[in-house]
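Have a look at the structure below before the remarks.
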Amino acid sequence: MASKGRPYRTLVIQGYEILVGRGSDENDYLTFHVAEPSDIWLHVGGGTPGSHVVVKNPGGSELPREVLLAAAQLAAWYSKARGAPKVDVSYCRASNVSKPRGAPAGLVEISKDKSIRVAPALPEGVREDA
């Protein structure tokens with residue numbers, strides 16, 4: 001999962017590239033410079049600090065449920081809610097994520113989002129990189 005020199009972690013699940021931000025500045029970069037409008041953007045809900053997660057989706061089609069679940073588990077794992085038994089994770093198309101004027105790094109507004117409830121976890125066979 002190592003992404004040497006990149007401001008985000010990279011995993012591949014069922015052929016989908018999943019990118020996980022490493023901090024506030026990196027989250028902004030990932031969300032507003034790497035993500036394409038049709039990509040799926042995820043973040044743990046409830047205003048809890050955590051990584052922005054982007055699933056590359058060049059075709060713009062519906063993600064397989066297993067890929068969405070894995071990405072949501074990653075968003076929960078790389079958040080302050082990691083120790084919770086279940087976490088709500090919001091997701092939407094990257095085109096529905098915006099930056100409020102003057103907002104600090106990592107703070108965004110989302111629209112047309114849905115929510116999925118998952119247990120924070122790393123997908124099977126994935127090890128954490130530093």
Taking segment 22-45 and keeping residues at pLDDT 95 or above and touching an Asp or Glu at 6+ places or on another chain (Cβ under 8 Å) leaves Val44
If we ask which residues in segment 93-121 are assigned to a loop (DSSP other than H, G, I, E, B), closer than 20 Å to Leu30 by Cα and under 15 Å from the mean Cα position of the chain (by Cα), their number turns out to be 4
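Which one of these is free of Cβ contacts under 8 Å to residues at least 60 places away in the same chain, of a type in the set (Lys, Arg), surrounded by fewer than 17 Cβ atoms within 10 Å (Cβ to Cβ) and touching an Asp or Glu at 6+ places or on another chain (Cβ under 6 Å): Arg82, Arg117? Talk me through it step by step, then tell me what you get.
Details: Arg82 fails: touching an Asp or Glu at 6+ places or on another chain (Cβ under 6 Å).
It is Arg117.
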Within segment 46-61, the residues that are at pLDDT below 95 and surrounded by 23 or more Cβ atoms within 10 Å (Cβ to Cβ) are none
Only one of (1) touching a Phe, Trp or Tyr at 6+ places or on another chain (Cβ under 9 Å); (2) at pLDDT 95 or above does not apply to Ala76, and that is (1)
When every residue in segment 30-45 that is out of contact with any Ser or Thr (no Cβ under 8 Å at 6 or more places or on another chain) and of a type outside the set (Phe, Trp, Tyr) is compared, the one surrounded by the fewest Cβ atoms within 10 Å (Cβ to Cβ) is His33
Being within 13 Å of the chain's Cα centre (by Cα), under 17 Å from Ser98 (Cβ atoms) and modelled with pLDDT of 90 or more, is that true of even one residue in segment 4-20? no
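The values are calculated or read from the model by the stated rules, or taken from the named source; none is laboratory data. Just so it is clear, the model here is predicted, and its values are computed rather than measured. No Cβ is skipped: glycine too gets one built from the backbone with ideal geometry, and neighbour counts run over all protein chains shown.
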